[in-house]
Each structure stands twice: as C-alpha cells, then as structure tokens.
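The values are calculated or read from the model by the stated rules, or taken from the named source; none is laboratory data. Bear in mind that the values here come from a model prediction, so they are computed numbers and not experimental data. Note that we place each Cβ from the backbone using ideal geometry, even for glycine, and neighbour counts take in every protein chain shown.
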Amino acid sequence: MRLEIAVQDVAGATTAARLGADRLELCAALAATGGLTPSRGLLDATVAAVPTEVGVHVLVRPRAGGFVYDADELDVQVRDVRAAVAAGAAGVVVGALTPDGAIDLDALRALVDAAEGRETTFHRALDTVPDLARAIDDLARAGVTRVLTSGGAARSVDGTVRLSETVAWSAGRVEVMAGGGVRPEDVAALVATGVDAVHLSASRVVASAGGPGGGAGGYTTTDPEVVAAAAAALGRGARVR
C-alpha cells in the first residue's frame, strides 16, 4: 500500500517526503484547475530536493477543462513528458479521451512511448468514462502502470463500490490508486477496497493578497498535519534523514 501526495512547491514536496509519502504528484494550480503541468524550474528543484527513494511523478496536463486534445495540445504534452524524463522524474501522470468518452489510445500510446519506460499514471479522466471494463482493458494494452480514480464519485470514499470493481477487473494488470477528496479518516475504507495506493492533496489555504493582476483568495500548499495523519492511517511514520 503506497501513499501519494499531490504537491505544488518544493517545500510541500520535501515535507510530504519526510512525513511518509512514497510518491509525489507534482503539479501546478491544483485548487483552481484540478492540476496543470508544473514549470521545468519547479520540476528540477523538486527532483533535486526530494530523496531518491520518493518518486516524483509529473502531471502533464496543458490546460483546464476536458480531456479531448487536438494535435497541437498532444504535441505539447509529448514534449512535456520528454522534458520530465530528462529532468529525472520517476514517472508522469497523463490522460486523454476521445470525443465519445473512451480512452484515446493513439494519444495515450504516444505519451507512454515518450515516457521511455518511466511509470505512467492515467489520471481521473477515467472517472468520466462510461465503460469501465473497456477502459481498464485499453489502459492495460497501452502499458499504463496505474490509474488514479475516485470510483466515479466526487469523493473517493463515496465511490468504494466502483473502486472495488476497478480492482477486480484490473486483476493486477494495472495498479489502482484511490484519490479524490480523500481525508485521513477515509484511508481505512479505501484500503478495504483492495486498491494499491491512496492519493490526496493534503493541502491548506494560505491567505494572501494578490495585488493588481495577482488574483485574490490566497493559495494552497501542503499541510504537514494532514500528510502525517494519512501516513499514520497506513501505519507508517516520518522518514529518518
């Protein structure tokens, strides 16, 4: 059972790694958009700061909104995957759908190929796919390592039935990671579905006045207390450095 924490800055990455995260999903604009591709500078700094045993997995998503991409958007994602590999990322987090809601296999294969053997996670685009069994079969054929899913619910603790079905249908061909509105108190119920990992953002809001053009409402960053509680729910503690 692995613990993955979504992080948006170097301080959050090092905090999550120290407090028991096995894997990090590095992204930007998480609260506002659900996550976008982070900058190369952030990626380089995070890979340099995090212990090698904690994998940095880079979210590759060029914009907010749906997951149907045109040729230019796919080209950008392929380039971002290659950049992540060159920077030393342990894996990438990707996803693409066809207009009818199925897995876009051509796009996915291009992204998996660009990862050059690094682990690939298919993100929560799966939660919008109507035919779960077909989707899992497609992901397995494309060589995807794992899928992140809430079981189709707003919060994964409310999607445990579909999570169990996803685990059963995957049958070890694709790892299943539960994520989506996860709180530390949800971990036991998610583990009971048979998933391979639990994913959460473990974030808190920092109040900050944006100023002219800077927006309002502050920003989110990693909350060490939430990370520690999630790690404790999985029976682990902080790493000794």
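Could you list, in sequence order, all residues of segment 210-234 that are on the phi < 0 side of the Ramachandran plot, modelled with pLDDT of 75 or more and in a loop (DSSP other than H, G, I, E, B)?
So the first thing to find is which residues in segment 210-234 are on the phi < 0 side of the Ramachandran plot, and the list is 210, 212, 214, 216, 219-234.
With modelled with pLDDT of 75 or more added as a condition, the list becomes 219-234.
Residues satisfying the conditions are Asp223, Leu234.
Let's see how each residue does on (1) of a type outside the set (Gly, Ala, Ser); (2) within 14 Å of His123 (Cβ to Cβ); (3) in contact with a Cys (Cβ under 9 Å, 6 or more places away or on another chain); (4) modelled with pLDDT under 95:
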site: Ala6; (1), (2), (3), (4): no, yes, yes, no
site: Thr15; (1), (2), (3), (4): yes, no, no, no
site: Ala29; (1), (2), (3), (4): no, no, no, yes
site: Ala45; (1), (2), (3), (4): no, no, no, no
site: Phe67; (1), (2), (3), (4): yes, yes, no, no
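Which of the residues that make up segment 49-68 are surrounded by fewer than 11 Cβ atoms within 10 Å (Cβ to Cβ) and in contact with an Asp or Glu (Cβ under 9 Å, 6 or more places away or on another chain)? Of everything in segment 49-68, just one residue is surrounded by fewer than 11 Cβ atoms within 10 Å (Cβ to Cβ) and in contact with an Asp or Glu (Cβ under 9 Å, 6 or more places away or on another chain), namely Glu53. The residue pairs whose first member lies in segment 73-98 and is free of Cβ contacts under 8 Å to residues at least 12 places away in the same chain and closer than 19 Å to Thr145 by Cβ, whose second member is crowded, with 18+ Cβ neighbours inside 10 Å and of a type outside the set (Val, Ile, Thr), and whose beta carbons are closer than 9 Å, counting only pairs six or more residues apart or on different chains, do not exist in this structure. Within segment 13-44, the residues that satisfy the criterion of being part of a helix (DSSP H, G or I), crowded, with 16+ Cβ neighbours inside 10 Å and without any contact (Cβ under 8 Å) to a residue 40 or more places away in the chain are Thr14, Leu42. If the condition is being farther than 18 Å from Gly91 by Cβ and either touching a strand residue (DSSP E or B) at 6+ places or on another chain (Cβ under 8 Å) or modelled with pLDDT under 95 (or both), then segment 103-123 contributes Ile103, Asp104.
When the criteria are applied in full, Thr128 meets the requirement of being hydroxyl-bearing (Ser, Thr, Tyr), touching a Phe, Trp or Tyr at 6+ places or on another chain (Cβ under 9 Å) and at negative phi. Scanning segment 125-182 for residues that are over 19 Å from Met1 (Cα atoms) and touching a residue at least 60 places away in the same chain (Cβ under 8 Å) yields one hit, Thr128.
Give the residues of segment 45-56 that are out of contact with any strand residue (DSSP E or B) (no Cβ under 8 Å at 6 or more places or on another chain) and either in contact (Cβ under 8 Å) with a residue 60 or more places away in the chain or farther than 15 Å from Asp9 by Cβ (or both), sorted by residue number. Within segment 45-56, Pro51, Thr52, Glu53 meet the criteria.
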